[in-house]
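Below is one structure, written out as structure tokens, with a few remarks after it.
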Amino acid sequence: QESFDKPFWETNGLKFWMLGPLKSTATSSTRELHDACLVFRADLGKRKCTFTGDASDTNLQDVATIAHICDDILHASHHGSLNGADLDFVKKCNADYTVVSTKSGVYENVPHTTAMQRYRDHTAEKVYRTDVDRSVKWTF
């Protein structure tokens, strides 16, 4: 999405903003696989949910330059791995809630202790982990 003055796509009152990756990052000959992961925000009524997929730090550093990327619910990148928990991005999200979809013991260092600390330090209300808290449900 080149401009953020209107949503990339809108249907039935739902608005979707494509935040990343930057085209230059996604098409770089030196990019890592996760540099090209889609990052988007969905405005659902009064809720703003930012979904990061498996986005890398490089991708999220680009997204962190955009205004109003979150302010409500952040779905953490890459199951809580360290590469995907860029500190500037996490701070800029200003999330009320962070959800880490993960399963302990499947991958080494996921969720990563440093990533989890970043989310806890910069999430206003609560950080949920699906391996501990199970399913999370919001009403919109």
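The values are calculated or read from the model by the stated rules, or taken from the named source; none is laboratory data. No experiment lies behind these values; they were computed from the predicted model shown. Here Cβ is always computed from backbone atoms with ideal geometry, including for glycine, and neighbour counts include all displayed protein chains. These accessible areas exclude ligands, DNA and RNA; they are computed on the full protein's heavy atoms, side chains included. Shrake-Rupley method; radii C 1.70, N 1.55, O 1.52, S 1.80 Å.
What residue, among those in the range 9-53 that are open to solvent by 60 Å² or more (accessible area, probe 1.4 Å) and among the acidic types (Asp, Glu), is nearest to Cys70 (Cα to Cα)?
The selected residue is Glu10.
Just to be sure I understand the filter: pairs with C-beta atoms under 6 Å, separated by 6 or more residues or on different chains, first member in the range 87-98 and without any contact (Cβ under 8 Å) to a residue 12 or more places away in the chain, second member open to solvent by less than 50 Å² (accessible area, probe 1.4 Å). Which pairs pass?
Close Cβ pairs (under 6 Å, with a partner that is open to solvent by less than 50 Å² (accessible area, probe 1.4 Å)) do not exist here.
Please tell me if Ala95 is surrounded by 21 or more Cβ atoms within 10 Å (Cβ to Cβ) and over 20 Å from Leu44 (Cβ atoms).
no
Among the residues that make up the range 67-74, is at least one of them open to solvent by 30 Å² or more (accessible area, probe 1.4 Å) and closer than 20 Å to Gln117 by Cβ?
No, the range 67-74 contains no residue that is open to solvent by 30 Å² or more (accessible area, probe 1.4 Å) and closer than 20 Å to Gln117 by Cβ.
Name the residues in the range 24-75 that are more than 16 Å from Val100 (Cα to Cα), among the small types (Gly, Ala, Ser) and outside any helix (DSSP H, G or I), would you?
Ser28, Ser29, Ala42, Gly45, Ala64, Ala67
Can we say Lys6 is part of a strand (DSSP E or B), over 25 Å from Gly105 (Cβ atoms) and open to solvent by 70 Å² or more (accessible area, probe 1.4 Å)?
no
Answer yes if at least one residue in the range 115-132 is surrounded by fewer than 18 Cβ atoms within 10 Å (Cβ to Cβ), out of contact with any Pro (no Cβ under 6 Å at 6 or more places or on another chain) and at positive phi, and no otherwise.
No - not one qualifying residue is present in the range 115-132.
Can you confirm whether Ser56 is more than 25 Å from His79 (Cβ to Cβ), open to solvent by less than 90 Å² (accessible area, probe 1.4 Å) and not acidic (Asp, Glu)?
Considered against the rule, which asks whether it is more than 25 Å from His79 (Cβ to Cβ), open to solvent by less than 90 Å² (accessible area, probe 1.4 Å) and not acidic (Asp, Glu), Ser56 comes out as no.
Condition first: basic (Lys, Arg), farther than 13 Å from Tyr97 by Cβ and touching a residue at least 24 places away in the same chain (Cβ under 8 Å). Now tell me which residues in the range 108-140 satisfy that.
Across the range 108-140, the qualifying residue is only Arg118.
Just the residues that are under 20 Å from Trp17 (Cα atoms) and surrounded by fewer than 23 Cβ atoms within 10 Å (Cβ to Cβ), please, taken from the range 75-87.
Within the range 75-87, His75 is the sole residue that qualifies.
Cβ-Cβ below 7 Å, separation at least six or inter-chain, first residue in the range 1-19 and free of Cβ contacts under 8 Å to residues at least 24 places away in the same chain, second assigned to a loop (DSSP other than H, G, I, E, B) and open to solvent by 100 Å² or more (accessible area, probe 1.4 Å): which pairs?
Gln1/Phe8; Met18/Phe8
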